[in-house]
Amino acid sequence: MKWPQIIACLLFPIHALFAQEDTTNYQRAKSLIAQESHEEAMELLRPYLDAEKYGDLSEYARFHFARAAYGNRQYELAKNALNDLQGPRSWEGDDEARYLLALTHFQLSDASEALQLVDAIRNESVQQEAYAATYEFLKVSSSSVLTVQYNQYPENLGLMMALKEKLESQGSMSSNDRKIYQEIRSSIHARPGESETAVTDGILDVAIVLPFNYEGGEGVSSLQGNNFVLQLYQGIQLALEQAKNEGLEVNFRTFDTERSGEQVTRILRDPFLKKADVIIGPIYPEETAQVASFAQLYEIPQINPLSNIDDNIQEFNHSYLFRPSVNALSQRVIDYCRRFEGRRIALAYSGTSRDEQLADLFTEMARKSGLQIVESQKVTIREMRDFFDTLKLGTEEEASVDMIVIFSDDPNIASPTFGLVESLGSGIPLVVMESWLYFNFANYEMMESQNFHFVGNNTVDFNDEVLDEFRGNYLEKFKVYPSSFVYMGYELADMVCRVINAREGFDFRKNLNQSGFLEGELTFGFDFSNVKYNNYVPMLRLEEGVLTIEE
């Protein structure tokens, strides 16, 4: 956990009184800390620690020196540097220094000292970050330890939430536990501007937190039309605007993470985030974990719109995947393969995190299910021919496998696969991801004749007349046809508007469980009953050019 990245107020300006000093290395050191070159930054900062020579600048230098030491996991060194800033003389960064020192004490397993420092913070924004850090560090503590700490610091919201969750996870509560639990629940709901406000005003507040500048940069005015995050947002925006036109009271705001941990922290300070009924995004793992922690603290549902990997949300009760998890995808393919008489499977997968996780899970599940993985290979475009050559697909009699499973969304892997399968003409079932249906070189007639089967991953229903209307409207507005990211954004926002609103109520988890299977507007549908991901994974195939669910 790289907590220094979320201290957004660390980059203090150099005031005019330092203008005559040589600050080149000082500035360079701050840049190096952002680049995680901590040791080099520390060496550049050492000369500036001399208070006699650099005066007030030495306090800033000491603070950033502590940041670098913390980032380098030299916690005792960071603590000593920060202790020198905790004297009777105040300076501009008092609260930020207390926060970083509190983090250092947490890392050194000195929770009592850390909580005392958090309690001394007066800046509200820094205090909220300190509460979030408290939750992260103390959520693994026992309820007895947390109770003692809570009695000392009842205003620490992070400590409060950690204790609340620990009590809820216990099989039973003592009378004292129940008393504290009720006190915590009453305290949370009595806090102005938080969860109760969103429920009582009847307006669906949606915070959209996405990395529009996923390669760095600021602002959205210069984004190109092929920016996949922009396309995702266009779909979200269309669904929310349509809901407003149909009479739903919706208020939404958009935030650009700029692929920066410090920018995410600034976003989470915005008052709109605390009152939001749902947070859509982010996408990337480190940003998702940061926002998920915030969402957990304030009990706000947070949804990753594109990922299948749930590693970063498993520990957070309020975080969801809009798509199926890797476990759901793998289990569905296993169940499907067991329908066939043959048990020999050849597995190919790309080098992405999702596909490698899928391959590992699938292999483990196959072994337990009596299926035999006779070939398993991580492939690139150049290795696809070698993969097929090992399978001896020239004739049914010589084939060494009964089924082929390929986990990849890469068109560079799909393209040679189409050609090889067509030339071999084996007719052996091929199970691939539904993304292959979107490739502009995909030949539906060939995929049907060559026995392709598609794993549903929030698949668009190409046969639905509603989709044709949507495509036409999108083309008229944006002068291009929608991409798969546009469809995902629209479906996600449409589902959110149907699940939580003034009529249905704003309890996202409860409403999902009661809804069961939900028909999609553009896709085949969703099922989030008692899980934090779409558990509806249909297997699909083409029949007379029509995409059909296999029963």
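Being of a type in the set (S, T, N, Q) and open to solvent by less than 50 Å² (accessible area, probe 1.4 Å) is the filter here; which residues of the stretch 141-173 pass it?
Ser141, Ser143, Thr147, Gln149, Asn156
Quick one: Ala502 ticks every box in (1) open to solvent by less than 30 Å² (accessible area, probe 1.4 Å); (2) under 30 Å from Glu246 (Cα atoms) except a single one, so which number is it?
(1)
For the stretch 193-200, does any single residue satisfy the condition of being at pLDDT 75 or above, within 22 Å of Phe316 (Cα to Cα), in a helix (DSSP H, G or I) and out of contact with any Ser or Thr (no Cβ under 9 Å at 6 or more places or on another chain)?
no
Mind listing just one residue for me: the one in the stretch 454-486 that is touching an Asp or Glu at 6+ places or on another chain (Cβ under 7 Å), surrounded by 15 or more Cβ atoms within 10 Å (Cβ to Cβ) and outside any loop (DSSP other than H, G, I, E, B) and, of those, modelled with the lowest pLDDT?
Of everything passing the filter in the stretch 454-486, Leu467 is modelled with the lowest pLDDT.
Out of all the residues in the stretch 360-386, which are at pLDDT 90 or above and within 13 Å of Ile413 (Cβ to Cβ)?
Gln377, Lys378, Val379
Which residue, of Ile381, Ile413, Ile345, is over 19 Å from Ser449 (Cα atoms), open to solvent by 70 Å² or more (accessible area, probe 1.4 Å) and among the aliphatic types (A, V, I, L, M)?
Within the list Ile381, Ile413, Ile345, the selection yields Ile381.
Of (1) surrounded by 19 or more Cβ atoms within 10 Å (Cβ to Cβ); (2) assigned to a helix (DSSP H, G or I); (3) of a type in the set (Val, Ile, Thr); (4) modelled with pLDDT of 90 or more, Val421 satisfies all except one. Which?
(4)
Report whether or not Asn312 is over 30 Å from Tyr474 (Cβ atoms), touching a helix residue (DSSP H, G or I) at 6+ places or on another chain (Cβ under 9 Å) and without any contact (Cβ under 8 Å) to a residue 40 or more places away in the chain.
So Asn312 passes the test.
Farther than 23 Å from Phe418 by Cα and among the hydrophobic types (A, V, I, L, M, F, W, C): which single residue out of Ile313, Ile404, Ile381 fits that description?
Ile313
Is there any pair with a first residue in the stretch 23-39 that is at negative phi and at pLDDT 90 or above and a second that is surrounded by 15 or more Cβ atoms within 10 Å (Cβ to Cβ) and not in a helix (DSSP H, G or I) whose Cβ atoms are under 8 Å apart and which are 6 or more apart or on different chains, and what are they?
Matching pairs, first to second residue: His38/Asn72; Glu39/Asn72.
Starting from the stretch 517-536, keep only residues that are touching a residue at least 40 places away in the same chain (Cβ under 8 Å) and among the polar types (S, T, N, Q), then list their pairs with residues that are open to solvent by 10 Å² or more (accessible area, probe 1.4 Å) and part of a strand (DSSP E or B) whose Cβ atoms are within a distance under 7 Å, requiring at least 6 positions of separation or different chains.
Pairs that qualify, where the first residue is touching a residue at least 40 places away in the same chain (Cβ under 8 Å) and among the polar types (S, T, N, Q) and the partner is open to solvent by 10 Å² or more (accessible area, probe 1.4 Å) and part of a strand (DSSP E or B), are Asn534/Asp527; Asn535/Asp527.
Can you tell me which of Glu92, Glu96 is in contact (Cβ under 8 Å) with a residue 60 or more places away in the chain and within 17 Å of Lys79 (Cα to Cα)?
Going through Glu92, Glu96 in turn, the sole match is Glu96.
Tell me which residues, restricted to the stretch 108-126, are part of a helix (DSSP H, G or I), open to solvent by 40 Å² or more (accessible area, probe 1.4 Å) and over 18 Å from Asn83 (Cα atoms).
Correct list: Glu124, Ser125.
Of everything in the stretch 505-526, what is assigned to a helix (DSSP H, G or I) and open to solvent by 20 Å² or more (accessible area, probe 1.4 Å)? Give them in sequence order.
Matches in the stretch 505-526: Arg509, Lys510, Asn513, Gln514, Ser515.
Would you confirm whether any residue within the stretch 95-102 is of a type in the set (Lys, Arg), assigned to a helix (DSSP H, G or I), more than 27 Å from Ala289 (Cβ to Cβ) and open to solvent by 20 Å² or more (accessible area, probe 1.4 Å)?
no
May I ask you to list the residues in the stretch 119-150 that are β-branched (Val, Ile, Thr) and without any contact (Cβ under 8 Å) to a residue 40 or more places away in the chain?
Selection gives Ile121, Thr134, Val140, Val145, Thr147, Val148.
So, in the stretch 244-259, of the ones that are in contact (Cβ under 8 Å) with a residue 40 or more places away in the chain and either over 28 Å from Arg503 (Cβ atoms) or more than 25 Å from the chain's Cα centre (by Cα) (or both), which residue ends up surrounded by the fewest Cβ atoms within 10 Å (Cβ to Cβ)?
Ranking the qualifying residues of the stretch 244-259, first place goes to Glu249.
Which members of the stretch 313-327 meet the condition of being more than 23 Å from Leu297 (Cα to Cα) and open to solvent by less than 10 Å² (accessible area, probe 1.4 Å)?
Once the filter is applied, which keeps residues that are more than 23 Å from Leu297 (Cα to Cα) and open to solvent by less than 10 Å² (accessible area, probe 1.4 Å), the stretch 313-327 yields Pro324, Ser325, Val326.
What about Glu59, is it part of a loop (DSSP other than H, G, I, E, B), among the acidic types (Asp, Glu), touching a residue at least 12 places away in the same chain (Cβ under 8 Å) and under 22 Å from His105 (Cα atoms)?
no
The values are calculated or read from the model by the stated rules, or taken from the named source; none is laboratory data. It should be emphasised that the depicted structure is a prediction, and the values quoted were computed from it without experimental measurement. Quick reminder, even Gly has a Cβ in these numbers, built from the backbone with ideal geometry, and neighbours come from all protein chains shown. Just so you know, the surface numbers come from the protein's heavy atoms only, side chains and all, with ligands and any DNA or RNA stripped out. Shrake-Rupley method; radii C 1.70, N 1.55, O 1.52, S 1.80 Å.
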